[in-house]
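Visitor: First, the structure itself, so that you have it in front of you.
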Amino acid sequence: MTTDPLAPLLELADIAPAVERARDRVDQAMRHRALRRHGGQVAAEVSLRSAVASAALEGYVHEREAVRAGTVTEPVLQGALRVAGALPGLVELWPRAPRQALAKLHVLAARDVVPEPELGRPVADAVVAARLDGLAALIAGGTQVSPLVLAAVVHGELLNLRPFAGPSGVVARAAARLVLMSRGVDPRGLVAVDVGHREREPEYVGAAGAFATGTPDGLRSWLRHYLTAVEVGADQLTAIGDDLLAA
């Protein structure tokens, strides 16, 4: 029997309970009454907040209301908006051809930021190529661990590799969301995980660096951060729903 390469992550201290807690929080948020009547509005608001947070994590900070008003033309923010809007259309492609989906995400994220010949093309590096192949194998069915764990690994690995020029972090965060969407945890893309990363940005940066070490403590640090960010994202969904019902 082939051993699941990600199974040992669930044996790290506190990780298995944290996975269950995050999944429960997501499932609870998904039962919000507002989704029955205002699902489209909720999805649009989550998409906006996620894009603003992801651009901010790349160093491009903009006020959410200015973005909502359409007055922000800065390219990285515009790329993050395009990426957020495109995720539902990439859900079916993601598990079948993850490298193709990543290329599409980069084209959307990096337009007007990097030269056109670099759009959708990973950097020419044998180590990066090999690790992308390994990641693609996991995404395409090479693991049966919780999608929350797989999403965290995809996110951390892409942050570490930075396989694309320009706003590679936007691609990494979007890829993690695609894992949750394609594997049924968040099929409609309503959990604003990127807001959780933004709200805990110092921890996000530190934990990503810890992940890059590959040590058990480093991996545990990243997983704990990621799962907490999922909970924050679920709370965002609940808050958005509450606001719509109160309006």
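Every residue, every condition in (1) part of a helix (DSSP H, G or I); (2) among the basic types (Lys, Arg); (3) more than 18 Å from VAL232 (Cα to Cα), yes or no:
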| position | (1), (2), (3) |
| --- | --- |
| THR3 | no, no, yes |
| LEU9 | yes, no, yes |
| PRO17 | yes, no, no |
| ALA22 | yes, no, no |
| ASP27 | yes, no, no |
| HIS32 | no, no, no |
| GLN41 | yes, no, yes |
| SER47 | yes, no, no |
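Visitor: Determine, yes or no, whether VAL107 is in contact with a Gly (Cβ under 6 Å, 6 or more places away or on another chain), assigned to a helix (DSSP H, G or I) and either at pLDDT 95 or above or of a type in the set (A, V, I, L, M) (or both). Can you show your working first?
Guide: On the way: in contact with a Gly (Cβ under 6 Å, 6 or more places away or on another chain): yes; assigned to a helix (DSSP H, G or I): yes; either at pLDDT 95 or above or of a type in the set (A, V, I, L, M) (or both): yes.
Judged against the criteria, VAL107 is a match.
Visitor: Any chance segment 216-225 includes a residue that's farther than 17 Å from VAL149 by Cβ and either touching a residue at least 40 places away in the same chain (Cβ under 8 Å) or in a loop (DSSP other than H, G, I, E, B) (or both)?
Guide: As a first pass, look at segment 216-225 and keep what is farther than 17 Å from VAL149 by Cβ: none.
Checked segment 216-225: no residue is farther than 17 Å from VAL149 by Cβ and either touching a residue at least 40 places away in the same chain (Cβ under 8 Å) or in a loop (DSSP other than H, G, I, E, B) (or both).
Visitor: Given the conditions (1) buried (at least 22 other Cβ atoms within 10 Å of the Cβ); (2) within 15 Å of ALA55 (Cα to Cα), which single one is not true for GLU201?
Guide: (1)
Visitor: Moving on to the next point. How many of the residues in segment 169-191 are assigned to a loop (DSSP other than H, G, I, E, B), among the aliphatic types (A, V, I, L, M) and either closer than 19 Å to LEU223 by Cβ or touching a Cys at 6+ places or on another chain (Cβ under 9 Å) (or both)? Working first, answer last.
Guide: First, the residues of segment 169-191 that are assigned to a loop (DSSP other than H, G, I, E, B): 183-191.
Now narrow it down to the ones that are among the aliphatic types (A, V, I, L, M): 185, 190-191.
Pick out the ones that are also either closer than 19 Å to LEU223 by Cβ or touching a Cys at 6+ places or on another chain (Cβ under 9 Å) (or both) and you get 185, 191.
Adding up the residues that qualify gives 2.
Visitor: Turning to a different aspect of this structure: When only residues in segment 139-172 that are closer than 22 Å to GLU118 by Cα and of a type in the set (Gly, Ala, Ser) count, which is surrounded by the fewest Cβ atoms within 10 Å (Cβ to Cβ)?
Guide: Among them, the one singled out is ALA165.
Visitor: Sort out which residues of segment 68-102 are touching a Leu at 6+ places or on another chain (Cβ under 8 Å) and not in a helix (DSSP H, G or I), and write them in order of number.
Guide: Across segment 68-102, the qualifying residue is only VAL91.
Visitor: Could you list all residues from segment 49-63 that are surrounded by 15 or more Cβ atoms within 10 Å (Cβ to Cβ) and more than 19 Å from the chain's Cα centre (by Cα)? Spell out how you get there, then give the answer.
Guide: Keep residues of segment 49-63 that are surrounded by 15 or more Cβ atoms within 10 Å (Cβ to Cβ), which gives 49-58, 60, 62.
Within segment 49-63, just HIS62 meets the criteria.
Visitor: Ok, one more. Please identify the pairs in which a residue from segment 176-195 that is touching a residue at least 24 places away in the same chain (Cβ under 8 Å) has its Cβ atom under 9 Å from the Cβ atom of a residue that is of a type in the set (Asp, Glu) and buried (at least 24 other Cβ atoms within 10 Å of the Cβ), counting only partners at least 6 apart or on another chain.
Guide: Pairs that qualify, where the first residue is touching a residue at least 24 places away in the same chain (Cβ under 8 Å) and the partner is of a type in the set (Asp, Glu) and buried (at least 24 other Cβ atoms within 10 Å of the Cβ), are ALA176/ASP194; ARG177/ASP186; ARG177/ASP194; LEU180/ASP186; VAL193/ASP186.
Visitor: Restricting the search to segment 91-118, which residues are closer than 24 Å to ARG198 by Cα, out of contact with any Phe, Trp or Tyr (no Cβ under 9 Å at 6 or more places or on another chain) and surrounded by 23 or more Cβ atoms within 10 Å (Cβ to Cβ)?
Guide: LEU108 - this is the single residue of segment 91-118 that is closer than 24 Å to ARG198 by Cα, out of contact with any Phe, Trp or Tyr (no Cβ under 9 Å at 6 or more places or on another chain) and surrounded by 23 or more Cβ atoms within 10 Å (Cβ to Cβ).
Visitor: Still on this structure, I have one more. Out of curiosity, is ALA246 under 26 Å from GLY40 (Cα atoms), aliphatic (A, V, I, L, M) and surrounded by fewer than 19 Cβ atoms within 10 Å (Cβ to Cβ)?
Guide: Criteria met by ALA246.
Visitor: Can you tell me which residue among ALA212, ALA234 is touching a residue at least 24 places away in the same chain (Cβ under 8 Å), among the aliphatic types (A, V, I, L, M) and either closer than 15 Å to ALA172 by Cα or touching a Pro at 6+ places or on another chain (Cβ under 7 Å) (or both)?
Guide: On the way: ALA234 fails: either closer than 15 Å to ALA172 by Cα or touching a Pro at 6+ places or on another chain (Cβ under 7 Å) (or both).
Going through ALA212, ALA234 in turn, the sole match is ALA212.
The values are calculated or read from the model by the stated rules, or taken from the named source; none is laboratory data. All figures in this text were calculated on a predicted structure; none of them were measured in a lab. Counting neighbours? That spans all protein chains shown, and the Cβs are built from the backbone with ideal geometry, glycine included.
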